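The values are calculated or read from the model by the stated rules, or taken from the named source; none is laboratory data. Computed from a predicted model, the values in this text were never measured in an experiment. Using ideal geometry, Cβ is built from the backbone for each residue, glycine included, and neighbour counts are taken over all protein chains shown. All accessible areas refer to the heavy atoms of the entire protein, side chains included, with ligands and DNA or RNA removed. Shrake-Rupley method; radii C 1.70, N 1.55, O 1.52, S 1.80 Å.
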Amino acid sequence: KMSGLILKDVFNLMNQGKQILLMLIFFGICFSGTSGSGSVIAMCTIACTVFVITSFSMDETCHWNEYAFIMPIRRQQLVLSKYIVSFLFSLFGIVAGFVMSVAIGAVKGEPISFEVLLSAAGTGIVVAMLFTAFLIPITIRFGVNKGRFVIMGLAAVPVLIGTFLGDRLEGMLLEEGALDDLLFFGVAAIAVLVVLSYFVSCMIIKRKEF
């Protein structure tokens, strides 16, 4: 059952292959010349993660949920499949961004720092996890159309927080050990947030009428 749910979304999204490819090429061209190869990987990862919204849109268009709810499929499985699909597309974004970064570096004749690429891949997957933690429960609760406006509003929150903290932390130096601890607890907190997001999504879909 779970594999079928995952393959359904993967095959549906693969039908958007041309649009995804054009989008990734666009990001590759834009960010390779300004922010470096690391940004290409990070942006490709985040962009591919957001495509999980497209899977929700396709489900709404064909009234998939009404059909799924009369089948021997648990609602928790429907939710879990979305998180897995989001994770798979995040990995796809990492691979695509990595390949594009290496290709762009070879064309431009620039040295390729695999350490930078791996760091960017890690940053991209962490941010993608954070996006997923909010995207899925909001989309389940409000639907695709209304959910987009809620997500746009919430997107401003981390920007404001980052600006607020950046102004106050500017010039402060952290010891290497302290920075490693900060990164570790940050990643752990996001992982916990994703787990909580899953249970919240399950609670929402149990109460939702389609």
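Pull up the range 1-54, narrow it to residues that are modelled with pLDDT under 75 and in a loop (DSSP other than H, G, I, E, B), then point me to the one that is nearest to the chain's Cα centre (by Cα).
Result: Gln16.
Quick check on my filter: what residues within the range 76-99 are of a type outside the set (Val, Ile, Thr) and open to solvent by 40 Å² or more (accessible area, probe 1.4 Å)?
Within the range 76-99, Gln76, Gln77, Leu80, Phe87, Leu88, Leu91, Phe92, Phe98 qualify.
May I ask you to verify whether Glu66 is modelled with pLDDT under 80 and open to solvent by 40 Å² or more (accessible area, probe 1.4 Å)?
Yes; evaluated as a whole, the condition is true for this residue.
Checking the structure you have, find out if any residue of the range 69-81 is at pLDDT below 80 and assigned to a helix (DSSP H, G or I).
No, every residue in the range 69-81 fails to be at pLDDT below 80 and assigned to a helix (DSSP H, G or I).
If you check Val85, Val99, which single one turns out to be at pLDDT 80 or above and farther than 25 Å from Arg148 by Cβ?
Exactly one of Val85, Val99 is at pLDDT 80 or above and farther than 25 Å from Arg148 by Cβ, namely Val99.
State the number of residues belonging to the range 55-83 that are of a type in the set (Ser, Thr, Tyr) and farther than 20 Å from Ala128 by Cα.
Summing the residues that are of a type in the set (Ser, Thr, Tyr) and farther than 20 Å from Ala128 by Cα in the range 55-83 gives 2.
Of the residues that sit in the range 134-150 and are within 16 Å of the chain's Cα centre (by Cα) and open to solvent by 50 Å² or more (accessible area, probe 1.4 Å), which one is modelled with the highest pLDDT?
The qualifying residue modelled with the highest pLDDT is Phe134.
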